[in-house]
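Scroll down for the structure; my scribbles are underneath it.
Values quoted throughout were computed directly from the atomic coordinates according to the rules given, and no laboratory measurement underlies them. Keep in mind the model is a prediction, meaning the values are calculated, not measured. Cβ atoms come from the backbone with ideal geometry, glycine included; neighbour counts cover every protein chain shown.
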Amino acid sequence: MLKSLLDSLFGREKQRDRLFLGVFTDEDHVLDATKACRKAGFNFYDVFSPYAVHGLDRAMGLPFSKITYVTFLCGLMGTCIGFFGMGYVSWWDWPVNIGGKEPFPFSAFVPVMFELTVLIGGLCTMLGLFAFCRLFPGKKPRLFHPRVTDDRFVIAIEIDEDFDDARCREIFTTNHAEEMKEVAPDYDALSEGGAA
Amino acid sequence: MGTVYSKLRKPLVEGDKSLHDVTHDVCHSIEGKPSQLWWFGFLGTGLVTLLLVAVVGWLLYEGVGVWGLNKTVGWGFDITNFVFWVGIGHAGTLISAVLFLFRQKWRTSINRSAEAMTLFAVVCAGLFPLIHMGRLWIGFLWVAPYPNLRGPLWVNFRSPLLWDVFAISTYLTISAVFWYIGLIPDLAAVRDRAKHWARRLFYGTLSQGWNGSVRSWNHYETAYMIFAGLATPLVFSVHTIVSFDFATSVIPGWHTTIFPPYFVAGAVFSGFGMVLTLLLITRKTMRLEQYITISHLENMGKVIILTGSLVGLAYGTEFFIAWYSGSLYESFAFINRATGPFSWSYWIMVSCNVLSPQVLWFKKLRRNPMVLFVMSIFVNIGMWFERFVIIVTSLHRDYLPSSWSYYYPTLIEVLTLVGSFGLFFFLFFAFVRVMPAIAFGEVKGVMKMGQTVHHDPKPAQPEPEVSNA
């Protein structure tokens with residue numbers, strides 16, 4: 001997990017093979033095509049979709065996101081900061097007698113412990129999401145179709161030793177692909193002047 | 001490609017839209033020149049916000065003496081406004097988080113603006129605890145370790161007022177994060193449609209280079225689920241802790257164990273009232289009737305009748321317990337509430353909160369936007385008065401009859417309340433111009449609900465609507 005976290009933070013993308021793209025217009029078609037490509041043993045560079053299509057990540061064979069560990073550990077850290085912080089302040093450093101209340105009332109600490117769990121867990125989940133997705137302000141988006149954030153779905157397959165051109169074209173065609181093309185590994189639809 | 005409509009489920013979006021239509025319809029309203037109506041609202045509420053700045057400035061210069069508070073009624077409009085605005089915020093989180101966990105797909109059309117509303121309401125709420133101290137710089141000394149000759153004196157973590165500081169600041173932060181995370185894919189779509197370089201830069205910076213990769217969606221969806229999971233207990237904790245401010249005291253009328261659930265139900269009730277008010281205006285002025293449909297409004301009406309009934313039950317339970325407890329002080333506080341000098345506010349509260357939502361039992365009225373609008377205004381008024389009743393009527397006749405008193409708000413207090421509404425609507429007007437008001441990325445994901453697309457070359461006629469009982 002640490003390796004994948006470090007990799008997502010500092011790792012560089014390895015030199016890729018050329019890519020084969022299929023452009024689709026419907027979520028059912030792209031889902032079926034993705035399942036068929038996986039069955040055929042092709043390696044996905046990535047699949048792109050304008051909205052979260054249910055089951056597309058599993059169809060690609062992606063494992064469940066590890067971001068839950070970030071939330072759990074950071075949330076636990078928040079609970080501990082709350083517990084030990086309040087214990088230090090109210091009991092260890094300067095116990096003040098207020099209306100005879102106990103200096104270390106666990107139940108009175110629960111609300112703030114809970115709030116700090118949510119606060120620190122939530123903020124770290126956001127930062128973790130940005131790190132896992134390699135998002136940062138000022139990043140130049142690399143789009144595989146000018147309308148991929150609007151209404152187009154793109155499957156990008158790596159052209160390596162597992163790739164079979166004819167089989168892939170057949171899968172894409174039977175699933176109503178709108179467009180198919182082979183592109184360079186650093187392809188970017190916008191720099192090709194494709195802005196629509 | 002023909003579209004067949006399910007007999008069991010009606011589509012959530014009307015008008016047989018394509019994916020591109022959805023993007024276009026929502027983005028269009030923030031791309032062209034704003035309408036005159038928008039300028040009127042934006043500048044008008046901006047002026048009212050300036051009024052708020054003026055009255056708050058006057059308060060800070062002159063002190064809390066400019067308010068009508070007295071020795072007996074130490075909390076008046078200030079804390080009433082605070083509790084009212086925090087409550088308003090709850091509907092946004094309920095729609096975005098709780099309905100998400102319950103897989104209520106209709107939430108997608110309304111969650112974005114409801115979340116924005118939450119943020120702005122909590123901003124308004126946060127103002128009042130700060131300014132009610134009058135000299136708020138002294139407040140900051142109390143929050144930080146207080147320097148004195150004996151060493152640092154810490155704040156008292158056994159006090160619910162301090163829990164409240166943590167609850168409200170966490171709520172504001174997490175709501176903002178949840179809202180922003182939801183916005184990222186939509187902002188990327190706005191970025192990719194933008195023609196002007198400044199728009200590309202603005203939306204490009206905010207969307208952080210999002211490109212719709214499913215590897216990213218995989219993390220994104222998990223993170224979104226986590227946020228919903230974190231925000232759900234958070235929203236219940238916030239108003240619970242606000243109610244502790246009252247419930248842990250020894251004031252009759254406040255010292256009741258029913259307060260946490262009663263406050264949470266009231267918060268959701270008032271919040272949905274405000275969401276209805278805002279959305280009815282938004283859908284009309286921004287022509288989003290096909291996205292925020294009558295069915296959405298009806299669903300919100302159902303939540304209002306449920307929470308309104310819970311609030312009504314709480315009013316009754318309070319009276320029963322006041323009698324059943326045998327506590328003289330408790331019984332007096334409640335009889336005084338309903339029949340004493342402030343009984344007018346009590347009966348405004350009951351008629352607005354318990355009687356007015358009863359119209360929603362009728363389907364015809366529940367699906368009538370005008371009826372809903374009027375009813376939502378009543379709910380807003382009633383819930384403001386609920387907080388006023390709880391705070392002022394419990395305080396104004398305390399244990400010592402010689403210190404009994406009445407409370408008259410001054411003009412400054414009334415203008416502060418008006419100004420906070422100005423700030424709230426000003427922020428909302430700014431929001432609907434800058435950010436996509438509907439989470440279209442999520443709407444696209446639920447468009448196949450209630451319709452099945454088949455690849456028949458001849459277009460099929462939509463079947464007549466069958467009511468979903």
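Evaluate the range A:67-132: find the radius of gyration of its Cα atoms, find its Kirkwood radius, and give the ratio Rg to Rh.
Result for the range A:67-132 is an Rg/Rh of 1.15.
Could you quote the convex hull projected area for the range B:244-294, Cα atoms only and averaged over all directions, in nm²?
Projected area, direction-averaged: 4.7 nm².
When you look at the Cβ of every residue in B:160-172, what mean number of other chain Cβ atoms sits within 10 Å? List each step's numbers first, then the result.
Working: counts 2, 0, 4, 7, 2, 2, 9, 6, 1, 2, 11, 3, 0.
Mean number of neighbouring Cβ atoms from other chains: 4.
Report the Cα centroid-to-centroid distance between the range B:27-79 and the range B:200-269 in angstrom, as an integer.
With the range B:27-79 and the range B:200-269 each reduced to a Cα centre, they are spaced 25 Å.
Looking at the calculated P(r) for the protein assembly as shown, what percent of the C-alpha pair distances fall above 49 Å?
Result for the distance tail: 21 percent.
Just the Cα atoms of the range B:20-110: what Rg and Dmax do they give in Å?
According to the Cα coordinates of the range B:20-110, Rg and Dmax are 20.4, 62 Å.
Kirkwood hydrodynamic radius, chain A, all distinct C-alpha pairs: what's the number in Å? Walk me through the intermediate numbers first.
Details: mean 1/r = 0.0492 Å⁻¹.
After inverting the pairwise mean of 1/r, the radius is 20.3 Å.
Return, in residue-number order, each cysteine of chain A whose C-beta is not under 4.7 Å from any other cysteine's C-beta.
If one checks each Cβ against the other cysteines of chain A, A:37, A:80, A:133, A:168 turn up with nothing under 4.7 Å.
What is the ratio of the Cα radius of gyration of the range B:238-323 to 2.2 N^0.38 Å, where N is its residue count, to two decimals?
Working: Rg = 16.7 Å, N = 86, 2.2 N^0.38 = 12.0 Å.
Relative to the rule-of-thumb radius for its length, the range B:238-323 sits at 1.39.
Provide a whole-number value for the mean count of partner chain Cβ atoms within 10 Å of the Cβ atoms in peptide B:316-324.
Per residue, the number of nearby Cβ atoms from other chains is 0 on average.
Considering all alpha-carbon pairs of the range B:2-454, what whole percent are spaced by more than 43 angstrom?
Numbers: 17678 of 102378 pairs.
Summing the P(r) of the range B:2-454 above 43 Å gives 17 percent of all pairs.
Pop a pseudo-label 7 angstrom from the Cα along the beta-carbon direction at both residue B:62 and residue A:180 and give the gap in nm to one decimal.
Each label point is offset 7 Å from its Cα along the Cβ direction, giving 7.9 nm.
Work out the charge dipole of the protein assembly as shown with +1 on the Cβ of Lys and Arg and -1 on the Cβ of Asp and Glu about the Cα centre, then indicate which of A:54, B:362, A:36 is farthest towards its positive end.
Highest projection toward the positive end goes to B:362.
Determine, from the Cβ-Cβ distance of residue A:91 and residue B:405 and an R0 of 35 Å, the FRET efficiency 1/(1 + (r/R0)^6), rounded to the nearest 0.05.
The formula returns an efficiency of 0.30 here.
Given only helices, namely DSSP H runs of n ≥ 4 each adding -39500 (n - 2.57), what is the per-residue ellipticity at 222 nm of chain A, to the nearest 500 deg cm²/dmol?
Value at 222 nm, helices only, nearest 500: -14000 deg cm²/dmol.
In degrees between 0 and 90, to the nearest 10, how far off the longest principal axis of chain B does helix B:19-31 point, with axes built from Cα atoms?
50
Quick check on chain B: helices-only [θ] at 222 nm, where DSSP H runs of length 4 and up contribute -39,500 (n - 2.57) each and the sum goes over total residues. Nearest 500, please.
It lands at -21500 deg cm²/dmol.
How many angstrom lie between the C-alpha centres of the range B:411-430 and the range A:23-99?
38
To the nearest 10 degrees, how steeply does helix B:328-339 sit against the main Cα axis of chain B, on a 0 to 90 scale?
60
In this model, which of B:105/B:444; A:139/B:33; B:195/B:444; A:140/B:33 are farther than 20 Å apart at the alpha-carbon? Please report the intermediate quantities before stating the final value.
Values: B:105/B:444 11 Å; A:139/B:33 29 Å; B:195/B:444 23 Å; A:140/B:33 28 Å.
Violating the 20 Å limit, Cα to Cα: A:139/B:33; B:195/B:444; A:140/B:33.
Tell me, B:75, B:210 in order of fewest to most beta-carbon neighbours within 10 Å?
B:75, B:210
Got a sec? How would B:16, B:164, A:57 order by Cβ neighbour count within 10 Å, fewest to most? Each step should come with its number before you reach the end.
Values: B:16 13, B:164 20, A:57 25.
By the 10 Å Cβ count, ascending: B:16, B:164, A:57.
Give the separation of the Cα centroids, the range A:117-134 to the range B:85-99, in Å.
With the range A:117-134 and the range B:85-99 each reduced to a Cα centre, they are spaced 22 Å.
Test of understanding: ordering A:162, A:151 by Cβ neighbours within 10 Å, fewest first, what list do you get?
The order, fewest Cβ neighbours first, is A:162, A:151.
Counting only other chains, what is the mean number of Cβ atoms within 10 angstrom of the Cβ of each residue in peptide A:142-149?
Other-chain Cβ atoms within 10 Å of each residue's Cβ, averaged: 6.
Under Stokes-Einstein, with the Kirkwood radius over Cα pairs standing in for Rh, what whole-number D in µm²/s applies to the range B:250-395 at 37 °C and 0.692 mPa s?
205
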